[in-house]
Amino acid sequence: MSAGTNAKESSRIPYGGYYRRDDNEVSAAERIVTHAGPGSPMGEYMRRFWQPVCLSEELTDVPKVVQILHERLVAFRDRSGQVGLLFPHCSHRGTSLEFGIVQQRGIRCCYHGWLYDVDGRILETPCEPAGSRIKETVFHGAYPAFERDGIVFGYFGPPSEKPDFAEYDSYTIPEGTRLVPFSNLYECNWLQVFENLIDHFHSAVLHNNMTVDGLDAALAAGMNLGEGFREMPVIEWHTTRDGNGMLFTAGRRVAPDRVWVRTTELALPNYAATASLVPTAAELRHTTVAMSRWQVPVDDENMIVLGWRHFNDEIDPQHYGNAQDCGYDKIDFLEGQTRHRTYEEKQRAPGDYEAMTSQRPVALHHLENPGRSDVGVYLIRRLLREAVAGKTPADSTRPLAKAEGETLSTYTSDNVVRVAGVGGEADRELIATTCREVLAILKETDQVPRQQRRAHMLSRLDEFDGGL
Amino acid sequence: MSAGTNAKESSRIPYGGYYRRDDNEVSAAERIVTHAGPGSPMGEYMRRFWQPVCLSEELTDVPKVVQILHERLVAFRDRSGQVGLLFPHCSHRGTSLEFGIVQQRGIRCCYHGWLYDVDGRILETPCEPAGSRIKETVFHGAYPAFERDGIVFGYFGPPSEKPDFAEYDSYTIPEGTRLVPFSNLYECNWLQVFENLIDHFHSAVLHNNMTVDGLDAALAAGMNLGEGFREMPVIEWHTTRDGNGMLFTAGRRVAPDRVWVRTTELALPNYAATASLVPTAAELRHTTVAMSRWQVPVDDENMIVLGWRHFNDEIDPQHYGNAQDCGYDKIDFLEGQTRHRTYEEKQRAPGDYEAMTSQRPVALHHLENPGRSDVGVYLIRRLLREAVAGKTPADSTRPLAKAEGETLSTYTSDNVVRVAGVGGEADRELIATTCREVLAILKETDQVPRQQRRAHMLSRLDEFDGGL
Amino acid sequence: MSAGTNAKESSRIPYGGYYRRDDNEVSAAERIVTHAGPGSPMGEYMRRFWQPVCLSEELTDVPKVVQILHERLVAFRDRSGQVGLLFPHCSHRGTSLEFGIVQQRGIRCCYHGWLYDVDGRILETPCEPAGSRIKETVFHGAYPAFERDGIVFGYFGPPSEKPDFAEYDSYTIPEGTRLVPFSNLYECNWLQVFENLIDHFHSAVLHNNMTVDGLDAALAAGMNLGEGFREMPVIEWHTTRDGNGMLFTAGRRVAPDRVWVRTTELALPNYAATASLVPTAAELRHTTVAMSRWQVPVDDENMIVLGWRHFNDEIDPQHYGNAQDCGYDKIDFLEGQTRHRTYEEKQRAPGDYEAMTSQRPVALHHLENPGRSDVGVYLIRRLLREAVAGKTPADSTRPLAKAEGETLSTYTSDNVVRVAGVGGEADRELIATTCREVLAILKETDQVPRQQRRAHMLSRLDEFDGGL
């Protein structure tokens, strides 16, 4: 058999590497869902939503260069408290405003002193004669921005299409919830990190003693999620909100008469809410969001997660979480989330960071061999493709916040229900049915005022299983 | 309003960033004046002049790799004192002569021992048989070079068009002048640094307390030019030497009856002479050149300044300057001239280095919004375009040195004259007129022998204002 | 003379650099012999031979990323001792197997647990349902591999054309021979390093006091080969094995009645055996291989030497060599073989590393000016071109090992014979004749069983010169 002859067939053999040397090019179809530069389909779609840009703590007495959606910008907070997101190069002669001096109002270019307000207006041109009309005719490139609980959000789309910020109930309930901002930088395309959230199976592999022998015991333990997560779950994926989002239900039998139902919701284009990350997830009757996060493209091969860890006594009564460990490029759950470890550490105890970033800078979907466990990943890709192509119902392309005082309900949760086991494959079917019933109850909360949603859930779960 | 609709018009609004995302490509017109590679219009024009290459101190007992006008060369001084500028790769089999061994005459390739003279002749090929004719048939690529006051100069054009070195009077007068060589590397196109010299307005902004609050007081002071420079000057730009150069006059009222007239001259393609950099500039009757410098392209996105600081008692009687601080990539005036500071230092106290290099690797002229203060910058660009296109009078395309013992007169100077103020806008007009009259006197020195130029200036200034 | 006019002729002048600014592009003809990527002529040719990949010591309890012939692979040794060479990205969703966990049998991807055997079979897909057929339908890209005396070898060609490993007698005789593995990484194309082996003239230049004055004496000595090597040798190059290899003979008069005949053999595509590297080379009657090595392309601009230093009492009775200094990217002869020195050290005492890597990332043959001393280099290029083009006799395109217990004879050797000098040019002719006669004797050993080859040589050399 000579090279090139019937290569496709030849590759289905042991030691068939010679027939499997692919070109590693990102395909046009793959670019549709991965590339988010200006003018690209996904880039334009993402620009119709508020996107987090950086942490509030990154804005100090000097400006900060940020890169979001392939655009390099200078972010700053002027002394009056306004947040600005400006094009980096001065409209006069191009000097970068990262070397500008923050003023009481706006920022001043260091070279010839042009002064910019946060909306791009030019307030002063000190080297020009008194009568100069430059201030009226030139506007500097700027984007709207605001701060919320330690995160700076920006809007990068056409001004006329600027939406309200999507306000989920989990941001403010349970009462006393504290949103602690964090970020995580990943050297890979944004979509790989977004997909990871809908890919719950990996919890039972990557986060389950996937380390070399002889590893330090404390480190090995830090790589794993709680015991409950190690069981291979019964998973189903569902489209939500007319195709503008999706969720999965993960059911596991945690006791002879108990099933743990976990739900995780994603909203297009790049938002996710994750349920509890600590062992009580599999023990408490009903808990909600532990982490809200956006997966934001930096460029094709870099992304940043920005979001909040939710701290309150309901989601984490044992106080496993630690707000001190959340902040710029750090997070308080699991080892292996960040780029900060040595290569040897990464090899000996691989984490999400390694699993995702090593899928290549941009994962090549055409080289994948997906199985049943990958249905969710392929569903989120399809929903993104449809949304980008304008096939998703127009009236819900963005999860708009509701009227004053009201909020979007989120379906992310952990629930423990009483369901007696039946053993074997039949039990897996029973778990699946249980998951669907809990999900139906969760969806009822759309019609319930925010303050009554928790009570509604508890009451309806009791109706379902007779109480724990 | 949807994306792309009437984008030009839409961009003239607050928060109009979405309509202002430019492609950032260097245009063909911009390349004409910025790109200096072999065969390019500007590259060929520049190659008709002697260009500085490195400091003499960089040539030691091992060769030195230099890059000038996009060409990588090996510079060395052989033990007989000859300076060589050779193509880096051995004509035999390509080994780099940067690993060659400097000889009494020439340099020897380490691999097979071919020995090269500074003119590219091959003197020895030791592995070849006695009768080999390689030495007669092969010449190695070489450029002429010489040393002058600590700077190595090279000529990179066609041998038949090699000019004399342009000898300015300021190199040798006043008597006792000491030329101290220095260099400065900038990570940007050469033209940005050349333009900065004709852009005197920035002195009143960048060099005038343009730092964050709370900065160390000594550092803050080090960022500023003397007090006189903080006033916004009355500036006019003039073409000189039939379009082969230009200058500006900057007039400032420094006392009720005194006007300080400063002139700075540039000569095409990339030479400039700067007047005093210390406070006495605004106090003394007439002083001349404090710095002679060439702005030399390394490649499109890197350049090097090579030149001399002039030390003598006339230009700096208070000895503010410090020859010890001049040398390889260092200079004794103002902080912020070099790449050596931390990013934080650069942000807190931006200097010329930050202002110029952050204009982008190659500044994009088509994105600028020039005002009245930018006339000089646009004039130097126009003069360069015309010279490159061959439209500048042919008999003066290079500032040729005059006959033996004579030199070119340079118009760079500081002058203080007695002119009573008239207040308001009329005073600015009076200052402008004063500048023009001082310039007329300066130009008379073209016809005056070098040794009598200073006396001529002093006498004519006294005629003009009756003496100080 | 204006630019571009008769440039070829104009370049043959002193200071003619302006007319000699070449484009530095690797030509198509040069790529034929230098480029070894998948599908390229040289790449496909090289893939018909076993190639060394890394040292055994590099395979530990974690996998190792290697790059060979432009292909990035994950190498590992599973706990049962099998060596695997797998495509890096998991066949499931692309996570790199460099973060996989080595198992008793095979390696497991960290993300979803797919388990791979060394031949690319998928043994487990733990997230998939019990009945999944993925394991039968998907094969992972893999290459055959084995270990031999501390080196991992792989075969990257079509499975049906996999050859036997070429077994040379020098690997096992003299009895007691110890093969000590080593590697050397070079930042240049593989061919430059291969050519260096056939280019014996450089020994008399590069390894002969080619250092700056004042260098530390011990270091200077470490740059030189033994005294015998400093004489300019009488060299002849010969094609061997029907064009599948070549050798050179280097003759030097080492005493009034003694001639030292050194032979070095190369086998296509990239194998070489080098004779003694220590002073006894020029003193002993007959010694054989001191080093066997493969010059392996990593990519166009990087290569790796992998091979063995041969230690036995016959080749190095004085024990100049030191096995402790051989290993990953280190070797025990001469300074200047590796990239590990500072730039200053490299300039002051250039070695093979500098001579070869500075020929450019890929040497440009069209800019060379070869002489008589370069005949060998041009011969190896021609043999490679012919072999790649399929013009070399098919029955010997690979140096196949002979039947069980037998081995290939290698012609690499040092021999000292008694031949009285005749002086002057005639003596050089006499040395050449002597070399040819010794070579003829060496070639007789093809027909001699491996255990009798040494005795045969000693006996025939005695016949030739009457004994030492």
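The values are calculated or read from the model by the stated rules, or taken from the named source; none is laboratory data. Everything quoted here is computed from the prediction, not taken from an experiment. All Cβ positions, even for glycine, are placed from backbone atoms using ideal geometry, and neighbour counts span all protein chains on display.
Taken over region A:63-72, the criterion of being crowded, with 18+ Cβ neighbours inside 10 Å and either away from chain B (no Cβ under 14 Å) or not charged (D, E, K, R) (or both) is satisfied by A:63, A:66, A:68, A:69, A:70. For region B:129-146, filtering for residues that are of a type in the set (Ser, Thr, Tyr) and surrounded by 14 or more Cβ atoms within 10 Å (Cβ to Cβ) leaves 2.
When restricted to residues that are assigned to a loop (DSSP other than H, G, I, E, B) and surrounded by fewer than 23 Cβ atoms within 10 Å (Cβ to Cβ), region B:346-361 contains 2. Is at least one residue of region A:206-216 more than 19 Å from residue C:108 (Cα to Cα) and either away from every other protein chain (no Cβ under 14 Å) or surrounded by fewer than 20 Cβ atoms within 10 Å (Cβ to Cβ) (or both)? Yes, there is a match, as at least one residue in region A:206-216 is more than 19 Å from residue C:108 (Cα to Cα) and either away from every other protein chain (no Cβ under 14 Å) or surrounded by fewer than 20 Cβ atoms within 10 Å (Cβ to Cβ) (or both).
Considering only residues in region A:374-419 that are among the charged types (D, E, K, R) and in contact with a Pro (Cβ under 8 Å, 6 or more places away or on another chain), the one that is modelled with the highest pLDDT turns out to be A:406.
Checked against the criterion of being touching a helix residue (DSSP H, G or I) at 6+ places or on another chain (Cβ under 6 Å), touching a residue at least 60 places away in the same chain (Cβ under 8 Å), farther than 17 Å from residue C:414 by Cβ and of a type outside the set (Gly, Ala, Ser), the candidates C:206, C:219, C:225 yield just one match: C:206.
Being on the phi > 0 side of the Ramachandran plot and under 33 Å from the mean Cα position of the chain (by Cα) is the filter here; which residues of region A:102-125 pass it?
A:106, A:120
For region B:37-60, the condition holds for at least one residue, the condition being that it is within 14 Å of chain C (Cβ to nearest Cβ), of a type in the set (Asp, Glu) and touching a strand residue (DSSP E or B) at 6+ places or on another chain (Cβ under 6 Å). Go through the residues of region B:243-252 one by one and say whether even a single one is out of contact with any Asp or Glu (no Cβ under 9 Å at 6 or more places or on another chain) and either under 17 Å from residue B:439 (Cα atoms) or assigned to a strand (DSSP E or B) (or both). Among the residues of region B:243-252, not one is out of contact with any Asp or Glu (no Cβ under 9 Å at 6 or more places or on another chain) and either under 17 Å from residue B:439 (Cα atoms) or assigned to a strand (DSSP E or B) (or both), which makes the answer no.
Within region C:1-57, if we keep just the residues that are assigned to a helix (DSSP H, G or I) and of a type in the set (A, V, I, L, M, F, W, C), the residue that is modelled with the lowest pLDDT turns out to be C:7.
Exactly one residue out of A:342, A:407 is closer than 23 Å to residue A:276 by Cβ, surrounded by fewer than 22 Cβ atoms within 10 Å (Cβ to Cβ) and either touching a Ser or Thr at 6+ places or on another chain (Cβ under 9 Å) or within 14 Å of another protein chain (Cβ to nearest Cβ) (or both): that is A:407.
Test residue C:462 against the criterion of being free of Cβ contacts under 8 Å to residues at least 24 places away in the same chain and surrounded by 13 or more Cβ atoms within 10 Å (Cβ to Cβ), and give yes or no. So residue C:462 passes the test. Filtering region A:58-101 to residues that are in a strand (DSSP E or B) and more than 22 Å from the chain's Cα centre (by Cα) leaves A:64, A:74, A:76, A:77, A:83, A:84, A:86, A:89, A:96, A:101. Whether a residue is assigned to a strand (DSSP E or B), in contact (Cβ under 8 Å) with a residue 60 or more places away in the chain, surrounded by fewer than 19 Cβ atoms within 10 Å (Cβ to Cβ) and in the same structural domain as residue C:313 (by TED's automatic domain parsing) was assessed, and residue C:239 passes this test. With respect to the stated conditions, residue A:223 fails to be within 9 Å of another protein chain (Cβ to nearest Cβ) and farther than 30 Å from residue B:375 by Cβ. For region A:210-236, the set of residues classified as within 25 Å of the chain's Cα centre (by Cα) and part of a loop (DSSP other than H, G, I, E, B) consists of A:210, A:223, A:224, A:225, A:226, A:231, A:232, A:233, listed by residue number.
Taking the listed residues C:187, C:231, the one that is in contact with a strand residue (DSSP E or B) (Cβ under 7 Å, 6 or more places away or on another chain), more than 9 Å from every other protein chain (Cβ to nearest Cβ) and surrounded by fewer than 16 Cβ atoms within 10 Å (Cβ to Cβ) is C:187, with no other qualifying. Could we say that residue A:422 is over 26 Å from the mean Cα position of the chain (by Cα) and at pLDDT 95 or above here? Judged against the criteria, residue A:422 is a match. Restricting region A:362-384 to residues that are of a type in the set (D, E, K, R) and more than 18 Å from the chain's Cα centre (by Cα), the residue that is surrounded by the fewest Cβ atoms within 10 Å (Cβ to Cβ) is A:372. Residues of region C:107-126 that are touching a Lys or Arg at 6+ places or on another chain (Cβ under 8 Å) and within 7 Å of another protein chain (Cβ to nearest Cβ): C:111, C:112, C:121, C:125.
Within region A:306-316, is even one residue in a loop (DSSP other than H, G, I, E, B), of a type in the set (Phe, Trp, Tyr) and within 30 Å of residue A:465 (Cα to Cα)? Within region A:306-316, not a single residue is in a loop (DSSP other than H, G, I, E, B), of a type in the set (Phe, Trp, Tyr) and within 30 Å of residue A:465 (Cα to Cα).
Conditions (1) assigned to a helix (DSSP H, G or I); (2) more than 9 Å from chain B (Cβ to nearest Cβ); (3) touching a Phe, Trp or Tyr at 6+ places or on another chain (Cβ under 8 Å), marked per residue:
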position: A:129; (1), (2), (3): no, no, no
position: A:135; (1), (2), (3): yes, yes, no
position: A:139; (1), (2), (3): no, no, no
position: A:147; (1), (2), (3): no, yes, yes
position: A:153; (1), (2), (3): no, yes, yes
position: A:160; (1), (2), (3): yes, no, no
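Answer yes if at least one residue in region B:90-109 is within 30 Å of residue B:292 (Cβ to Cβ) and surrounded by fewer than 24 Cβ atoms within 10 Å (Cβ to Cβ), and no otherwise.
Yes, because at least one residue in region B:90-109 is within 30 Å of residue B:292 (Cβ to Cβ) and surrounded by fewer than 24 Cβ atoms within 10 Å (Cβ to Cβ).
Scanning region C:63-75 for any residue that is out of contact with any strand residue (DSSP E or B) (no Cβ under 7 Å at 6 or more places or on another chain), at pLDDT below 95 and either small (Gly, Ala, Ser) or in the same structural domain as residue C:145 (by TED's automatic domain parsing) (or both) turns up nothing.
Take residue C:170 and decide whether it is in a helix (DSSP H, G or I), crowded, with 18+ Cβ neighbours inside 10 Å and of a type in the set (Gly, Ala, Ser). Considered against the rule, which asks whether it is in a helix (DSSP H, G or I), crowded, with 18+ Cβ neighbours inside 10 Å and of a type in the set (Gly, Ala, Ser), residue C:170 comes out as yes. With respect to residue C:104, is the statement that it is more than 10 Å from every other protein chain (Cβ to nearest Cβ) and touching a residue at least 60 places away in the same chain (Cβ under 8 Å) true? Considered against the rule, which asks whether it is more than 10 Å from every other protein chain (Cβ to nearest Cβ) and touching a residue at least 60 places away in the same chain (Cβ under 8 Å), residue C:104 comes out as no.
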